[in-house]
Amino acid sequence: MRLQAEKALLKEKREKELILENLSEQVSYMDTDMRLVWVNSYVCERHELKRDDYLGRKCHELFHGFIEPCPGCPVPSALETGRVATGMTVSPDGLFWNLTITPVYAEGEEVIGVLHFTYDVTDLKVSEVELKKLNQELEKRVEERTAELKNLINELNAFTYSVSHDLRSLLRSIKGFCEVIREDHSHNLNDEGNRYLERVYAASHKMSSLIDDLLKLSQISRHEIHRRKVNLSS
């Protein structure tokens, strides 16, 4: 029975090691002094070292040549608080690594070490930088297009005002002559001639109203938009 129990325990231990070995993350186990006790094969492949080269070494000394833990390293926090800690670091080769540090407890609920999970997020960070750059370029283009649109609107307003001013002067002349003819010479015109005169006067008055409406329309862009529900039928 003892041999069977030892065999089952050994099998369980081996299964756990295989799980950690085949994770797509770099996994290492450190003691409370931050010395490496165990690393999976991904760590060995990443740094091109043998497993025995890691044992007893501190990760910040081995990987980065630092005397103290790397700036922002979450391992000290996990060891001190006994809680899972996360962070991000940049390796000397410029790669970004996402870190998750999980405390390991003994049966007496004492922290005896941490599991150090490291995942390469360089592609994600590069994508974020590129996306940020694209957003900045897009914002710049929007600002440029907005400025161009404002210039066009200003030019259109100036053009509309100039045209309306010139048209108004002509209409004033037409209406003035119509009034003179109607007051001083209407008796010399037959009924048909007076009808034509009235139609010219009415048309000039309508055109003056259209010019006023066009000026109001051109000034809409200067006013703030107030949204409200309306009855489209009415």
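The values are calculated or read from the model by the stated rules, or taken from the named source; none is laboratory data. Values in this document were obtained by computation on a predicted structure and should not be read as measured data. Here the Cβ positions follow ideal geometry from the backbone for every residue, glycine too, while neighbour counts run over all protein chains shown.
Within region 184-234, the set of residues being among the β-branched types (Val, Ile, Thr) and more than 24 Å from residue 171 (Cα to Cα) comprises 220, 225, 230.
Entry remark, region 7-44: residues being surrounded by 12 or more Cβ atoms within 10 Å (Cβ to Cβ), at pLDDT 75 or above and part of a loop (DSSP other than H, G, I, E, B) number 4 in total. Of all the listed residues (164, 173), the sole one being of a type in the set (Ser, Thr, Tyr), within 24 Å of residue 200 (Cα to Cα) and surrounded by 12 or more Cβ atoms within 10 Å (Cβ to Cβ) is 164.
The requirement of being within 42 Å of the chain's Cα centre (by Cα), in a strand (DSSP E or B) and more than 29 Å from residue 129 (Cα to Cα) is fulfilled nowhere in region 75-82; no residue meets it. Among the residues of region 50-81, those that are exposed (fewer than 13 other Cβ atoms within 10 Å of the Cβ) and either touching a strand residue (DSSP E or B) at 6+ places or on another chain (Cβ under 7 Å) or among the charged types (D, E, K, R) (or both) comprise 50, 52, 55, 56, 68, 72, 80. Being outside the structural domain of residue 32 (by TED's automatic domain parsing), surrounded by fewer than 17 Cβ atoms within 10 Å (Cβ to Cβ) and aliphatic (A, V, I, L, M) is a property that holds for residue 138. Of the strands (runs of 3 or more DSSP E) lying entirely inside region 83-182, the ones with 3 or more residues being of a type in the set (Ser, Thr, Tyr) are found at 96-105.
Selection over region 123-172 of residues that are hydroxyl-bearing (Ser, Thr, Tyr) and touching a residue at least 12 places away in the same chain (Cβ under 8 Å) gives a count of 3.
Within region 112-134, identify whether any single residue is among the basic types (Lys, Arg) and closer than 23 Å to residue 73 by Cβ, and answer yes or no. Within region 112-134, one or more residues are among the basic types (Lys, Arg) and closer than 23 Å to residue 73 by Cβ. Residues in region 45-60 that are touching a Pro at 6+ places or on another chain (Cβ under 9 Å) and in a helix (DSSP H, G or I) were compared, and the one that is nearest to residue 72 (Cα to Cα) is 60.
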